[in-house]
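*Asks:* Structure below; questions to follow.
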Amino acid sequence: MIELQHLERRYGDAYAVRDLNLKFPEGELTALLGPSGCGKTTTLRMINRLTEPSAGRVLLGGRDTRDLRPEELRRGLGYVIQQIGLFPHLTVAQNVATVPELLGWDRRRTARRVDDLLELVGLDPAVYRAKKPGELSGGQAQRVGVARALAADPPVLLMDEPFGALDPLARDRLQDAFKDIQQRLRKTVVLVTHDIDEALRLGDRIALMHAGTLAQFGTPDDLIHRPASPFVRHFLGEDAVLRQLAGRAAAEFVRPGDPAGLPRIADTLDARSALGVMLREGSDALAVLREGVPLGVLRWDDLRVREAQARKAQA
Amino acid sequence: MSVSGQPGAGVRGAYAPWSVPGGTGTVLVLATLPMLAGTLLPWVLLRPNRLAPGDSLRLPPALVGAGLLLAALPLLTARLFPRLTGLAASLAVVAGFWALGTQTQAAVAGQAPFARASAASGVWLFWLGAGIATYGAGLLTRSRPERWLAWAWGPPVAALFLSGHLNAWSVLIEGRSEGPRWVQELGQHLRLVGEGLGLALLIGVPLAVWASGRERAAGTVLGAANAVQTLPSLALLGLLIAPLSALANAFPALRALGISGIGVAPALTALTLYALLPILRNGVVALRGVPSGTLDAARGMGMTPAQLFWRVRLPLALPVWLSGVRQAAVLLVGVAAVAALIGAGGLGTYIFKGLQSAATDLILLGAVPAALLALGLDAALRGLERLLGRHFGRGP
Ligand SMILES: Nc1ncnc2c1ncn2[C@@H]1O[C@H](COP(=O)(O)OP(=O)(O)OP(=O)(O)O)[C@@H](O)[C@H]1O
Ligand SMILES: [Mg+2]
């Protein structure tokens, strides 16, 4: 869908991005991960031409983006930024309606779309439609930011640290909400983040950048189990597996079995915490309950990722 | 003090949560004192002609009694019927005008036609006190329907003027004898302010938009405008005389257009230059104050530069920018008064004429309308700002 070819951006003599080649698969979420200053934002902004490349090109659906007028290109790419950037003088509804209005949709259709989107991001339209951004919490404002980016139903969503300004609790909640939305909409998403947990949790794929170049591109499992360089291993950290488990529910690993006599956990618990319970209880199996009813058994062996992968491959 | 300690004594119930802003009591006490003093001081100055020294006349005992009562009325009303404080203060204002009318009429009765009865210190003090009382009443009834009572004096005072009740007052005698010329000078004053402001907007708005995006340009433009502002208005007018008369001499065509060293051309130039700074400064500051994240988001959503300006930058900058325009307008009313010195006309003409001949009434004929003009412009533009601020979600 989006392809970067020998993409380059220089500032003076310094390269912000250097010879970057990358294909963002259609309908998937690719996390653009890397340490601060490695060129993530620059890369993202070269896709919608807020920053013009010094060399190389960006293909969108096979077409060179330079052949499009920048405004036209951008109206087809949803864009969410860390500072949220809502228009303080407009209501929530008017904010969300920005791109449909630029595209000249009629009023009725826009209004309906705004309500649908507010519902999609979990805000009651009747309550929030007429509010001004100044009356929203950070989490609510960012939800509006996501709704605004989705307004004209663009096939591509570019997000620059969209959850970065939120406190951990709000971030978790919004990440869950977004994962849900993405499962329904299947947009091609490029999500810039320097948060490894976020990348492991939301990314179908991860593009790890280092000093303006691509260090590795692959699934989270690829990066964790088959790091391409010491930098990748080092950046993800020795506890990367645990971080990945933290982003999954224990229920994903449950298999049928006899739960009698085993320590019990709820199915909503994340897999890393389940592992913690095993260590604490000195047990290599746990009974998983859904609302008090036994669901099955979670075994130590199943948490070992190679097993999980093998199962995934079979399925 | 006394008032705020005893909020709404007489109106419990509907007005139980009556809140007296701290200090309103003090304001009303401060209003009482000048009114008391004014009642006891000379009320009218009677002179055989407009320049000769004269005699001070006091109020007759009955009116002194009434004046003392009126002086205390706003404070008393605030304690007993806070809702009606505005009415009491307005009553005091109207009474001041009415008493001035009767006293000046009585003073000039039977005098030669050149005799002048002007307002003496008592009237001014009484008005000062009454004015403070209306201000205090406005504070007391803020955000309540009764706040308009603080302006209730307007129609009766206008009626007193129009009915001729105040015609014996020296300022109005001067005004009548000036008559159409005064209206002309007022018009000239308004024209100077309007044209100066218009020109400054014409130059300043595009310049501010242009400079707001350029670091160096913004610094230069603001520096230049600042330098102009530090020149005293008289000095600036003086400095403009030489180059403009040189221009007019060099190009007779310009002279045909009315450009010369003295008169309207240098005055308008000076007014424009003065108005430029607030308009530029606030424009640049307001346009640069638009959050970069907002601009980034707008651009990222595919707004063209024009859409970005009209839909985002301008609406967000407008409230702050307008307050610069308001400052410029108020400033120009004052500078335009000085422009009379180089023959540009306007209300300043009366001020300088009066100063030259030590005729207070003439000075007032120029100064009071100029002050009212400034206040009126300020209030009107403030209202506009508030309206826009609310519309754009920045206001109260
Ligand atoms: N406008 C600019 N002028 C000069 N240098 C710039 C500019 N924008 C970015 N850079 C440089 O390019 C490099 C990459 O910047 P970029 O913003 O893409 O980093 P990032 O990966 O998004 O970092 P972060 O996680 O901190 O946001 C940095 O070294 C930065 O200093
Ligand atoms: Mg960045």
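The values are calculated or read from the model by the stated rules, or taken from the named source; none is laboratory data. What you are looking at is a predicted structure, and each value in this text was computed from that prediction instead of being measured. For neighbour counting, all protein chains shown are included, and Cβ atoms are generated from backbone atoms with ideal geometry for every residue, glycine included. Each accessible area value is taken on the protein alone, full model and side chains, heavy atoms only, with ligands, DNA and RNA left out. Shrake-Rupley method; radii C 1.70, N 1.55, O 1.52, S 1.80 Å.
*Asks:* Please go through (1) in contact with a His (Cβ under 6 Å, 6 or more places away or on another chain); (2) open to solvent by 10 Å² or more (accessible area, probe 1.4 Å) for B:S323 and return the number of the only condition it doesn't satisfy.
*Replies:* With respect to (1) in contact with a His (Cβ under 6 Å, 6 or more places away or on another chain); (2) open to solvent by 10 Å² or more (accessible area, probe 1.4 Å), B:S323 is out only on (1).
*Asks:* Restricting the search to the stretch B:242-293, which residues are open to solvent by 30 Å² or more (accessible area, probe 1.4 Å), within 14 Å of chain A (Cβ to nearest Cβ) and outside any helix (DSSP H, G or I)?
*Replies:* Of everything in the stretch B:242-293, those that are open to solvent by 30 Å² or more (accessible area, probe 1.4 Å), within 14 Å of chain A (Cβ to nearest Cβ) and outside any helix (DSSP H, G or I) turn out to be B:G289, B:P291.
*Asks:* Restricting to the stretch B:352-371, what's the tally of residues that are within 20 Å of the chain's Cα centre (by Cα) and either open to solvent by less than 70 Å² (accessible area, probe 1.4 Å) or acidic (D, E) (or both)? Spell out how you get there, then give the answer.
*Replies:* Pass one, the stretch B:352-371, residues within 20 Å of the chain's Cα centre (by Cα): B:352, B:360-371.
Right, trim to either open to solvent by less than 70 Å² (accessible area, probe 1.4 Å) or acidic (D, E) (or both) and you get B:352, B:361-371.
Total meeting the criteria: 12.
*Asks:* Which of (1) in contact with a Phe, Trp or Tyr (Cβ under 9 Å, 6 or more places away or on another chain); (2) surrounded by 19 or more Cβ atoms within 10 Å (Cβ to Cβ); (3) within 14 Å of chain A (Cβ to nearest Cβ) is the odd one out, the single condition B:D296 does not satisfy?
*Replies:* Condition (2) is where B:D296 drops out.
*Asks:* A follow-up question, please. If you go through the stretch B:389-396 one residue at a time, do you hit one that is away from every other protein chain (no Cβ under 14 Å) and of a type in the set (F, W, Y)? Please lay out each step first, then the result.
*Replies:* Here is the first cut: in the stretch B:389-396, the ones away from every other protein chain (no Cβ under 14 Å) are none.
There is no residue in the stretch B:389-396 that is away from every other protein chain (no Cβ under 14 Å) and of a type in the set (F, W, Y).
*Asks:* Now a separate question. For the stretch A:167-205, enumerate the residues that are more than 10 Å from the chain's Cα centre (by Cα) and within 16 Å of ligand 2 (Cβ to nearest atom).
*Replies:* A:H194, A:D195, A:I196 - these are the residues of the stretch A:167-205 that are more than 10 Å from the chain's Cα centre (by Cα) and within 16 Å of ligand 2 (Cβ to nearest atom).
*Asks:* In addition: Just to check your reading of the model, which residue among A:R18, A:R9, A:R69 is assigned by the TED database to the domain that holds A:K187, modelled with pLDDT of 95 or more and open to solvent by 10 Å² or more (accessible area, probe 1.4 Å)?
*Replies:* Values: A:R18 fails: modelled with pLDDT of 95 or more; A:R69 fails: modelled with pLDDT of 95 or more.
Every option except A:R9 fails the conditions.
*Asks:* State which residue is farthest from the other protein chains (Cβ to nearest Cβ) when the search covers only the stretch A:17-52 and only residues that are under 14 Å from A:G203 (Cβ atoms) and near ligand 1 (Cβ under 7 Å from one of its atoms).
*Replies:* Looking only at the stretch A:17-52, we keep the residues that are under 14 Å from A:G203 (Cβ atoms), and these are A:22, A:24-25, A:27-34, A:40.
Then drop every residue that is not near ligand 1 (Cβ under 7 Å from one of its atoms), which leaves A:34, A:40.
Numbers: A:G34: 21, A:K40: 15 Å.
Looking at residues that are under 14 Å from A:G203 (Cβ atoms) and near ligand 1 (Cβ under 7 Å from one of its atoms), I get A:G34.
The rows are residues; the columns are (1) in contact with a strand residue (DSSP E or B) (Cβ under 7 Å, 6 or more places away or on another chain); (2) of a type outside the set (A, V, I, L, M).
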site: A:N21; (1), (2): yes, yes
site: A:I47; (1), (2): yes, no
site: A:S54; (1), (2): yes, yes
site: A:L60; (1), (2): yes, no
site: A:P70; (1), (2): no, yes
site: A:L77; (1), (2): yes, no
site: A:Q82; (1), (2): yes, yes
site: A:T91; (1), (2): no, yes
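*Asks:* Oh, and also: When the residues of the stretch A:215-245 are filtered to those that are out of contact with any helix residue (DSSP H, G or I) (no Cβ under 9 Å at 6 or more places or on another chain) and open to solvent by less than 40 Å² (accessible area, probe 1.4 Å), which remaining residue is nearest to A:E28 (Cα to Cα)?
*Replies:* In this case the residue turns out to be A:G218.
*Asks:* Taking helices (runs of 4 or more DSSP H) that do not extend beyond the stretch A:15-124, which have at least 1 residues that are within 16 Å of ligand 2 (Cβ to nearest atom)? Lay out the reasoning, then the answer.
*Replies:* Working: elements: A:40-47, A:70-75, A:92-96, A:98-102, A:107-120.
Helices (runs of 4 or more DSSP H) meeting the threshold: A:40-47.
*Asks:* Would you check which residues across the stretch B:119-155 are open to solvent by 40 Å² or more (accessible area, probe 1.4 Å), among the polar types (S, T, N, Q) and assigned to a loop (DSSP other than H, G, I, E, B) and list them?
*Replies:* Correct list: B:S143 only.
*Asks:* I would also like to ask the following. Looking at (1) open to solvent by 20 Å² or more (accessible area, probe 1.4 Å); (2) more than 23 Å from A:G139 (Cβ to Cβ); (3) more than 16 Å from ligand 1 (Cβ to nearest atom), find the lone condition where A:Q94 falls short.
*Replies:* Result: A:Q94 passes all but (2).
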